[in-house]
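Some notes on the structure that comes next.
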Amino acid sequence: MGRVCRLAKGGLFLVLLSICACGDSVSEAPTGTEVAATESTTSITPVDFPNSSFFNSSSSLWAPQSSSSSQAQQGFSSPQIQPTSSSLWNSQTSSSSVKNIPLPNNGIPYVRITAADSIDTGYVACSIEIAGNGQYESIAPASAKIRQRGNSTRLWYDKKPYRIKLDNKTSILGLPANKDWVLLANYRDQSKFMNAIAFDMARYMGSFPFVNANRFVEVEINGDYMGMYQLTEQIERATSRVDIDTSGLLLCLDMDDGPELSPDAGNNFYSKVYGMPVAVKYPKNISAERLEAIAADFATLEQAIVSADYDNVQKLIDMESFIDFILLQEITRNVELEAPRSMYLYRDNTGKYHMGPVWDFDGGFGYGWDEDTKEYFTSQSWILGTGNPSKSPYNCTAESKNDWGMCNGTNMRFNSYDGRAVPGFFANMFANETFLAVYKARWESLKTGILDDAFTKLDAYVLQTAIALENDATRWPPIRRYDVEIQSLKAWLTERIDKYSRVLAQY
């Protein structure tokens with residue numbers, strides 16, 4: 001079982017001490033398929049930001065003053081500074097003057113973006129420059145396009161996530177060359193590392209050929225400091241990403257990208273058996289006839305799952321990735337499985353489907369969906385069942401099947417937790433005893449090491465990003481300190497792993 005580090009409340013110095021006391025010193029976790037990075041390291045020192053005195057060494061960020069009692073109780077070590085006090089947030093700096101200012105080094109790479117226009121949902125031209133800061137090779141200013149990305153994360157929050165498309169394929173931060181990159185804001189997540197820890201658990205499982213990288217960077221746009229972001233790959237067909245040939249398919253089960261919200265798109269459909277919204281990510285620009293052929297092929301897999309026919313299903317889908325995909329959604333309590341949203345799968349040139357890449361865990365980890373509190377860790381209920389043998393897919397008996405012989409509720413969905421439902425696509429196979437036995441055996445092989453590995457990497461991320469985390473917290477004042485939230489994240493996951501082992505042992 002993973003250990004729970006109790007990170008000290010208070011200043012940055014105490015945070016660093018608690019990290020060192022909780023675990024061994026570790027290097028940065030390997031992420032994704034990478035090319036060689038530079039091996040030198042650079043000391044972490046605060047550096048002036050463009051046209052702003054906010055981050056000067058004399059600033060309160062580097063010399064914390066006494067805080068109010070309420071802030072002290074939450075672990076704040078420095079006073080909150082209003083955005084209007086700094087031209088960093090209300091920059092009048094011209095693009096030409098910004099380009100000539102050295103990029104800061106706060107221990108992680110620094111990304112400077114200079115856009116020709118304001119950035120919205122449509123692409124605008126920009127230049128992007130990256131300082132590797134001793135960890136990776138720096139990138140000289142390069143031409144690109146940028147836009148906002150995401151759904152709720154874009155619409156609800158001021159700290160926007162971004163999609164970047166370079167003019168030329170470029171290796172960024174040790175990752176294979178490509179044009180398409182993503183900057184995740186992780187604004188709702190007060191710990192800043194939930195997506196990263198989910199990616200790392202997927203990587204530990206070993207059944208997903210491609211898992212997104214975790215590269216933490218500070219970002220500046222047109223002279224405005226935007227905080228700490230997670231730079232990672234765009235999920236797409238590419239040799240170093242979803243490696244399929246021209247006969248392959250890349251699909252996404254996504255209510256926000258399916259016929260419901262994108263009725264005029266020519267690349268989506270409702271699946272024939274489960275009625276799930278399916279978006280075709282590859283191939284592009286398909287004909288109506290090709291779309292129908294893809295829907296029919298996918299229906300063959302759905303029908304095998306409906307029948308809970310293990311022998312047939314394992315011929316159509318890679319069983320290891322299918323099981324690990326379900327396990328990861330359950331470990332993280334990712335309620336996006338119910339919609340579904342951002343659930344990727346692909347078909348390779350052999351005609352076999354594979355689940356993944358995994359993506360989007362903002363709605364996981366027991367999120368309470370209260371945008372005022374942005375509170376996670378509110379529930380330990382199960383995505384695929386309540387733990388009641390008469391209702392749980394882990395024990396799909398003859399008595400619990402419906403008139404179609406399936407272990408689910410109405411509309412091909414399994415009624416599970418809190419009155420909600422998950423598509424039977426992810427639940428019906430539990431009616432098969434062979435599948436259940438393989439699923440339980442897989443969990444037994446994972447449960448001991450998966451959190452130890454994830455927590456070791458998490459400790460390394462926190463140590464590496466210590467200054468950037470404080471900068472981000474000052475730019476976007478959090479409801480709860482990241483160190484307190486990380487402690488809660490570790491405790492919640494440790495409890496969940498233990499409870500899940502006991503639940504599965506019942507069946």
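Every number here is computed from the coordinates shown, using simple stated rules; none is lab data. All values derive from a computational prediction rather than experimental measurement. Glycine gets a Cβ as well: all are built from the backbone with ideal geometry, and neighbour counts include every protein chain shown.
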Problem - Cross-link partners of Lys457 among aspartates and glutamates (Cα-Cα below 14 Å; sequence separation of 8 or more within a chain) - result: Asp24, Glu28, Asp200
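Going by how many other beta carbons lie within 10 Å of each one, how would you line up Lys457, Lys281, Lys272, fewest first? It would help to have the intermediate numbers written out before the result.
Working: Lys457 25, Lys281 19, Lys272 15.
Lowest count first: Lys272, Lys281, Lys457.
Find the all-direction average of the projected area of the Cα convex hull for the stretch 207-339, expressing the result in square nanometres with one decimal place. All intermediate terms of the calculation are to be shown ahead of the outcome.
On the way: hull surface 42.9 nm².
Across all orientations, the stretch 207-339 yields a mean hull projection of 10.7 nm².
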Exercise for the section: Output the Cα-based Rg and Dmax of the stretch 281-380 in Å, rounding Rg to one decimal and Dmax to a whole number. Expected result: 16.4, 48
Practice task
Express the Stokes-Einstein translational diffusion coefficient of the stretch 436-493 in µm² s⁻¹, to the nearest whole number, given a Kirkwood radius over alpha-carbon pairs, 4 °C and a viscosity of 1.567 mPa s.
Solution key: 95 µm²/s
Completion exercise
What one gets for the stretch 210-273 as the Kirkwood radius, inverse of mean 1/r over different Cα pairs in Å, is 15.1 Å
Practice task
Work out, in µm²/s and without decimals, the Stokes-Einstein translational diffusion coefficient of the stretch 107-200 at 4 °C, 1.567 mPa s, Rh from Kirkwood over C-alpha pairs.
Solution key: 91 µm²/s
Problem - Where only alpha carbons of the stretch 142-284 are counted, the Rg and the Dmax (Å) - result: 16.4, 51
